[in-house]
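The next block holds one structure in the form of structure tokens; read it before the comments.
Readers should treat all values here as calculations from the given coordinates under stated rules, not as data from a laboratory. Worth saying up front: this structure is predicted, and the values here are computed from it rather than measured. Neighbour counts run over all protein chains shown; Cβ positions are idealised from the backbone, glycine included.
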Amino acid sequence: FCHGLPDELKVVSCEQKIEKTLQTRYLEVFHDVEKLIDNTIALDERLPDLDQPARTRLRQLVPSVGRFFTKLPLKEAFLIEDRKRLISRRTLVSPSFNDIRSILNTAQVLALAGAQENDAKLRLVTFDGDVTLYEDGKCLEKDSPLVALLVKLLSLDLYVAVVTAAGYPGQLGADMYQERLLGLIQALRDTNQLLLTQKNNFLVMGAESNYLFRFSSAHGNLRFIEGCEWYLPIMQSWNQDQILEIMDLSHDHLKHLRRKLRHEDENKTTIIRKERSLGIIPVNGYKIQREILEEMVLSILVELNDILSHNKSTANAEKKVQVCAFNGGSDVWVDIGDKALGVEALQLYLYKTCGGTHGKIAKSSSLHIGDQFASVGANDFKARLSACTVWIASPRETTEILEELTNL
Ligand code: IMP
């Protein structure tokens, strides 16, 4: 290939050749994975039972793979990410976890933004709060680039919702969320880029799936919506005594962990118990070590498994209360419900409120963006059951994804 070229050009040409060869090989791999995904989608369609996904070649290779609600154009996404991340220019460092995460994210955005006539169109975009819309524990400020992008999504007639673990009920709760989301709430009050109906398409689902709020352009703030207007049938069937029993047993276990892991000192941590959630949180600027947070969340998950299997034998399956536990980065929480239910409840409620009688917004028309997708002790992970997903690692990455989504 380089024969007869001057030395300087020879190096460039050899490098270019290696880059092209690597790019071609990566493209071949992504082509094969695309086919494996297509095959999984086709076989899953024949088995609509969510608990029993089809046994496909892809699932043999990657047993934890979930359901795909759209095809994923991985080759096209790879070429876009290769231009940004120079993956095939590297000869010593192979594609990393973050390279693959970015390629999957871009493929998901391409699939949703490029939906053809026969495909489901994107209708609902949901966001986690901490780390996704704002830094951990901070607020969505009015100068965040995300504010204009969220307004843009609403102007495209999409429903936009924050689905967060942070749980505060009632109209007082609405004030708490407004404080965290003030930049956007102010924009919704002030902007003339949106119709009043489009402003009303912003919602907040709090405590994973427990409290719903909707922006009211008439009042200029979030309004609390009673559960009877939007609970999923499964949530309506939950027995209050069972919820209380799960809360009590989880509470006992959190107290036990706090003792066992030597975090009893009230100057370091405290346990918060709310109506439908429990958390161990640090106080006085104390930082709980990452390994301790992980130990706590794993131990709670084992305990919940025991509690729920006992619960299963006493209640029939469809009435079984669902619970999640997660590591919030600086604290650990147990919440009744989860983000799969939170997103699904929005799909049903929004479908009904715009006049639909049978059905709900499709999973293939919903996108959830969050940072917690590690399979153990992460609360966005559950949203994979109800929507297409994008896994980001900072508000800056959320900004980039929304720019891609709104520019396509
Ligand atoms: P998210 O990232 O928006 O889902 O918010 C998660 C964070 O919300 C947790 O790490 C907690 O610090 C905070 N939080 C406040 N109240 C609750 C609650 O009731 N359940 C779970 N997390 C809560």
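Overall form of segment 179-261: oblate. Here a/c, set by the Cα gyration tensor axes a ≥ b ≥ c, is 1.5 or more, and a/b is not larger than b/c.
Candidates L158, F202, G170 compared by Cα position along the dipole of segment 141-203: farthest toward the positive end lies L158, with charges placed on Cβ.
Quick one: grab the alpha carbon gyration tensor of segment 111-187, order the square roots of its eigenvalues as a ≥ b ≥ c, and give me rounded if a/c is under 1.5, else prolate or oblate depending on whether a/b is larger than b/c. Prolate, since a/c reaches 1.5 and a/b exceeds b/c.
Would you mind ranking T269, T191, T164 so that the residue whose beta carbon has the fewest other beta carbons within 10 Å leads the list? Can you show the working numbers first?
Working: T269 22, T191 15, T164 27.
In increasing order of surrounding Cβ atoms, one gets T191, T269, T164.
What the Cβ-Cβ distance of R46 and V283 gives, at R0 = 41 Å and to the nearest 0.05, is a FRET efficiency of 0.20.
Taking 29 Å as the straight-line reach from the Cα of K320, the lysines in range (excluding those fewer than 8 positions away in the same chain) are K255, K274, K312, K339, K352, K360, K363, K382.
Return the percentage of antiparallel bridges among DSSP beta bridges fully within the chain, rounded to the nearest 5 %.
Values: 23 of 40 bridges.
Taking every DSSP beta bridge within the chain, about 60 percent pair in antiparallel fashion.
Rounded to the nearest Hz, the phi-derived 3J(HN,Hα) couplings of segment 156-167 under the Karplus curve 6.51 cos²θ - 1.76 cosθ + 1.60 (θ = phi - 60°) are 8, 6, 8, 7, 10, 9, 9, 10, 10, 6, 3, x, where x marks glycine and proline. Here the alpha carbons of the chain define both size measures, Rg and Dmax, at 23.2, 83 Å.
What's the exposure ranking of C354, C139, C388, C228, going from fewest to most Cβ atoms within 10 Å? Please list the in-between numbers first.
Values: C354 12, C139 16, C388 24, C228 7.
Ordered by Cβ neighbours within 10 Å, fewest first: C228, C354, C139, C388.
For the chain, relative contact order (Cα pairs under 8 Å, six or more residues apart, normalised by length) works out to 17 percent. In a simple Cβ point-charge model (Lys, Arg +1; Asp, Glu -1; nothing else charged), segment 160-302 has a dipole of about 360 debye relative to its Cα centre. For segment 251-408, the antiparallel share of DSSP beta bridges with both residues in that region comes to about 80%.
Roughly what % of DSSP beta bridges within segment 123-256 run antiparallel, to the nearest 5? Intermediate results must be reported in sequence, preceding the final value.
Details: 9 of 18 bridges.
Within segment 123-256, antiparallel bridges account for around 50 percent of the total.
Taking amide hydrogens as placed 1.01 Å from N in the peptide plane, the amide H of V323 sits under 5 Å from those of G337, each at least 5 positions away in sequence or on another chain.
Tell me whether segment 286-385 comes out rounded, prolate or oblate; compute the Cα gyration tensor, take square roots of the eigenvalues as a ≥ b ≥ c, and use a/c under 1.5 as the rounded threshold. Oblate, because a/c is 1.5 or more while a/b does not exceed b/c.
Count charges around T389 for me, please; just the other residues with Cβ under 13 Å from its Cβ, Lys/Arg as +1, Asp/Glu as -1. The partial results should precede the final answer.
Values: positive: R67, R101, K339, K363, K382, R384; negative: D128, D371, D380.
Once all neighbours under 13 Å are counted, the net charge is +3.
Summing charges over neighbours of Q289, with a neighbour being any other residue whose Cβ is under 13 Å away from its Cβ, gives 0 when K and R count +1 and D and E count -1. The order of L298, L405, L58, going from fewest to most other C-beta atoms within 10 Å of their C-beta, is L298, L58, L405.
To the nearest 20 Debye, how big is the dipole of segment 63-195 about its Cα centre, given +1 on the beta carbon of each Lys and Arg and -1 on that of each Asp and Glu?
560
Under a point-charge model restricted to the Cβ atoms of Lys and Arg (+1) and Asp and Glu (-1), what is the dipole moment magnitude of the chain relative to its Cα centre, in debye to the nearest 20? Don't skip to the answer; put the middle values down first.
Working: 49 positive and 55 negative charges, 95 e Å.
Charge dipole of the chain: 460 debye, to the nearest 20.
Think of it as helices only: each DSSP H run of n ≥ 4 in the chain is worth -39500 (n - 2.57), and spread over all residues that comes to -15000 deg cm²/dmol at 222 nm.
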